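The values are calculated or read from the model by the stated rules, or taken from the named source; none is laboratory data. None of the values given here were measured: they were computed from a predicted structure. Positions of Cβ are generated from backbone atoms using ideal geometry, with glycine treated the same way; all protein chains shown enter the neighbour counts.
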Amino acid sequence: MSLDLEFYPLTIERWGDFEELFGEHGACGGCWCMWWRLKRSEFERQKSEGNKKAMKRIVASGEIPGILAYANGKAVAWCSVAPREKYAALERS
């Protein structure tokens, strides 16, 4: 069985699909895919709703923070994509 997937950048027009994919709790513990984008102290301080708002600000700014995968018109997967400098948690202190 093959699965026909389509891929689209996360734009503000697709924000609702992203919200639906991540669910009420923001995927893994309120992450909203901000885990690597923030220093740990920032991440913990704004966990859940703050992370959601932070990601939405990124998307609303016009930056494309990743790709959504769709099957049968529904978002089924996500991959964050950005230059390394966007991932503060990867930087050495």
Residues of region 60-78 that turn out to be surrounded by 12 or more Cβ atoms within 10 Å (Cβ to Cβ) and within 13 Å of Leu21 (Cβ to Cβ), as a count: 10
Flag for Leu21 being touching a residue at least 40 places away in the same chain (Cβ under 8 Å), in a loop (DSSP other than H, G, I, E, B) and farther than 21 Å from Arg84 by Cα: no
Could you tell me which numbered condition Arg57 fails, if it satisfies all but one of (1) modelled with pLDDT of 95 or more; (2) in a loop (DSSP other than H, G, I, E, B); (3) surrounded by fewer than 17 Cβ atoms within 10 Å (Cβ to Cβ)? (2)
What is the residue count in region 60-93 for residues that are modelled with pLDDT under 95 and either closer than 15 Å to Trp15 by Cβ or outside any loop (DSSP other than H, G, I, E, B) (or both)? 6
Failed item in (1) surrounded by 11 or more Cβ atoms within 10 Å (Cβ to Cβ); (2) closer than 30 Å to Leu3 by Cα, with Asn51 passing the rest: (2)
For region 1-43, give me each residue that is under 23 Å from Gly62 (Cα atoms), at pLDDT below 95, surrounded by fewer than 16 Cβ atoms within 10 Å (Cβ to Cβ) and of a type in the set (D, E, K, R). Lys39
